[in-house]
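Worksheet: the structure to be examined is printed underneath.
What follows is calculated from the coordinates using simple rules that are stated; it is not laboratory data. In this text, all values refer to a predicted model and were calculated from it rather than measured experimentally. Positions of Cβ are backbone-derived with ideal geometry, glycine not excepted, and every protein chain shown enters the neighbour counts.
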Amino acid sequence: MEWYTYLAIIAVGIIAGFVNTMAGSGSLLTLPLLMFLGLPATIANGTNRVAIFLQNIVAVGSFKKRKVFEYREGLWLVIPATAGSLVGALIAVNFNEHILSLFIGGLLIFMFFIILIKPDRWIIEQAGIIDGSPRFWRIVIFFLIGVYGGFIQAGVGFFLLAGLVLGVGADLVKANALKVFIILIYTAFALVIFFINGQVNLRVGLILAIGNMLGAFIGVRTAVSWGPKFVRIILLLAVFVSAVKLLGGFDLFT
């Protein structure tokens, strides 16, 4: 690769890391980039996890340093999500990606209106420890989110935020902190599956990770300083653009 290609990868990684930390779906930028560089879709999917993993180490550390969350608040959510991610990673090469994209795009449109119509549920500042007890329905929901995250990753942040805000009671800043903590843990396990199956280009993944980590660092500072109301705006924009992309809306202009 030429030197400017490395700079382009890092630049896209910065944007993706920021979006991933503030809302989600930065992988909708990085996955097409990796495939444009010549990586097969399966290897791009695995390679992207290297950047996601390192990005979330930075994000989790930054959120923890600012005392946004405690590890114990997300522990019972990490376990089912991690189990689900292993299932998702194992079936990643045996699913119709186009059908999945349409389905997820439809869900994102629904989520967009939920966020738009009920703003108070997303921006209210929560006091004390959130209700993260291991109820059965929470285990099922976060297991299914983990399956999707292990399968393709792109957009999983939106579903984790919905589960954490609407199901657990966190505001958007704390939900983002717990989101990156959950993704960090399950990505570590899912990444092993992709490595074993030879679907990771480590060199490209580490270059992309430089940008993702920088973006995550900026994203955490922005989320904590500007608060849930600003994060909600970023979330709405990211959900809308991601839904349009997954539903093929941008194809009209090509």
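Quick one: net charge around Val156, please, counting Lys, Arg +1 and Asp, Glu -1 for every other residue with C-beta under 14 Å from its C-beta. Provide the component values of the computation, followed by the final result.
Numbers: positive: Arg49, Lys179; negative: none.
Overall, the nearby charge balance is +2.
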Exercise. Starting with the highest mean, order 13-22, 216-225 by the number of other Cβ atoms within 10 Å, averaged over the residues of each peptide.
Key: 13-22, 216-225
Quiz item: So how far, in whole Å, is the C-alpha centre of the stretch 67-90 from the one of the stretch 134-210?
Solution: 7 Å
Quiz prompt | Built amide H within the under 5 Å cut-off of Gln153, gap 5+ | solution = none
Quiz item: If the chain between Phe110 and Arg66 were fully stretched, how many nm would it gain, using 0.36 nm times the residue separation less the Cα-Cα distance?
Solution: 12.6 nm
Quiz prompt | Packing-based ranking, highest mean first, of 187-195, 24-32, 151-159 given that Cβ atoms within 10 Å are counted | solution = 151-159, 24-32, 187-195
